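Undergrad: Below is one structure. I have some questions about it.
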Amino acid sequence: MENEFLEHCRVNNLEGVNGFLKYFYETLCKGLMLACVHGNSAIVSRLVQVPGLDINFQSNETLETAAHAAACEDQIECLKILAE
């Protein structure tokens, strides 16, 4: 995957680079939701520090946010981190 991204950069393929950026961004957001569901507060704390990460990102599948995922699973520590 890294080689493909780097190749897009090398050959000036902006569409390819944008596709990777969207994929990585969505993967970070989904990781945040997953960490919230499982109460992994250290992971949540780290991911919310990623510049530009939208903690209100909605999953295409469920339309829920990380806060909603944490609330549904009673993950209070994760909710506190998101609220900061």
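The values are calculated or read from the model by the stated rules, or taken from the named source; none is laboratory data. The shown structure was predicted, so the numbers you read here are calculated from the model rather than taken from an experiment. Here the Cβ is made from the backbone with ideal geometry for all residues, glycine too, and neighbour counts use every protein chain on show. Surface accessibility is based on the protein's heavy atoms, side chains included, excluding ligands, DNA and RNA. Shrake-Rupley method; radii C 1.70, N 1.55, O 1.52, S 1.80 Å.
Undergrad: Out of Gly39, Gly52, Gly16, report the one residue that is out of contact with any strand residue (DSSP E or B) (no Cβ under 8 Å at 6 or more places or on another chain), modelled with pLDDT of 95 or more, more than 13 Å from Ile81 (Cα to Cα) and open to solvent by less than 80 Å² (accessible area, probe 1.4 Å).
TA: Gly16
Undergrad: Taking Asp74 and the conditions (1) at positive phi; (2) touching a residue at least 40 places away in the same chain (Cβ under 8 Å), which numbered condition does it fall short on, given that it satisfies the others?
TA: Of everything listed in (1) at positive phi; (2) touching a residue at least 40 places away in the same chain (Cβ under 8 Å), Asp74 misses just condition (2).
Undergrad: Of everything in the range 59-83, what is of a type outside the set (A, V, I, L, M, F, W, C), open to solvent by 40 Å² or more (accessible area, probe 1.4 Å) and in contact with a helix residue (DSSP H, G or I) (Cβ under 9 Å, 6 or more places away or on another chain)? Give them in sequence order.
TA: Asn60, Thr62, Glu64, His68, Glu73, Gln75, Glu77, Lys80
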